[in-house]
Amino acid sequence: MSVEQSLFQALAVLGSTPDEVADRLYEMGFRGRPNVYTDCPLARYLKETLHYRWVGVSTLEIEISSGVLFHTPHVCGEFVELFDAGKWPLLVEEARHAPDCPNLPDDCRCSG
């Protein structure tokens, strides 16, 4: 199976509306951070499901590993837009910030 086929198969099981996608990701335990390309629940789901080290998801594109781009299906793009706008607070993972980290909490990727 090609990367594209695997990707769209993984997305198809999430549902046909943004609410269904949110519900399914919540049921599976995927949380994330709004407005972070590689850290939204959908990106985390795809990373785990497809077994890639790096996945980024935006309203327009899905990027896998080193620059392999795919068009984001409409329902998934809507999910990302609404997630970033705060529609599903239960899907938001609190950022864990180490006290000695030199970055501001919003820019931090540490797991302190």
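The values are calculated or read from the model by the stated rules, or taken from the named source; none is laboratory data. All values reported here derive from a predicted model rather than from experimental measurement. Backbone-built Cβ (ideal geometry, glycine too); neighbour counts: all protein chains shown.
Would you call L42 at pLDDT 95 or above, crowded, with 16+ Cβ neighbours inside 10 Å and either part of a loop (DSSP other than H, G, I, E, B) or on the phi > 0 side of the Ramachandran plot (or both)?
So L42 fails the test.
Which of the residues belonging to segment 1-34 are in contact with a strand residue (DSSP E or B) (Cβ under 7 Å, 6 or more places away or on another chain) and without any contact (Cβ under 8 Å) to a residue 60 or more places away in the chain?
P34, the sole residue that qualifies.
Restricting to segment 59-72, give me the number of residues that are surrounded by fewer than 16 Cβ atoms within 10 Å (Cβ to Cβ) and closer than 16 Å to C40 by Cβ.
Here the count works out to 4.
Go over the candidates E48, E78 one by one and state the one that is buried (at least 16 other Cβ atoms within 10 Å of the Cβ) and at pLDDT 95 or above.
Unique residue meeting the criteria: E78.
Within segment 1-34, can you find the residues that are of a type in the set (D, E, K, R) and part of a helix (DSSP H, G or I)?
Within segment 1-34, E4, D19, E20, D23, R24, E27 meet the criteria.
Looking at R53, R96, can you tell me which residue is over 16 Å from P34 (Cα atoms), modelled with pLDDT under 95 and among the charged types (D, E, K, R)?
Unique residue meeting the criteria: R53.
Residues being in a loop (DSSP other than H, G, I, E, B) and of a type in the set (A, V, I, L, M, F, W, C): count how many of those fall in segment 45-80.
2
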